[in-house]
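Asks: This is the structure I have questions about; it appears just below.
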Amino acid sequence: MYFSSPCRPLAPSSCERSGSGRFSPRNQYAAGMICDAGLGTLLFDLRTPEEETMDKQTRHLRFDIKLLATRLVDAATWLTHIDETRHYQAYAHA
């Protein structure tokens, strides 16, 4: 998980699409552009490395909307519990 603190009171969360995690150059670039605009970013993977490996074969987790949505909500909730972001409004974008 990667977090950059915002200059303005908004903390966008970004999550990966299938096969594109937080280390992807495109996702890193997008997070950097958002940060350059003065907004915080939370870049994280919705699946564990083990789940990603399994999903490459089965492709069933990439469509498990309940699982992925729960993890996105959990990440946004986590932002409200840490001192650095507790006072910011969280906005999640998938």
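Bear in mind that the values in this text are calculations on the coordinates, not laboratory data. This is a predicted model, so every value here is computed, not measured. Glycine also receives a Cβ, built like all others from the backbone with ideal geometry; neighbour counts cover every protein chain displayed.
Asks: Suppose each label sits 7 Å from its Cα in the direction of the beta carbon; what would the Ala69-His81 distance come out to in nanometres?
Replies: My value for the distance between the label points is 2.1 nm.
Asks: Highest first, please rank the peptides 49-59, 21-31 by the mean number of other Cβ atoms sitting within 10 Å of their residues.
Replies: By packing density, highest mean first, the sequence is 21-31, 49-59.
Asks: Under 5 Å between amide hydrogens, which residues at least 5 positions from Thr41 or on another chain qualify, with H placed 1.01 Å from N in the peptide plane?
Replies: Ser4
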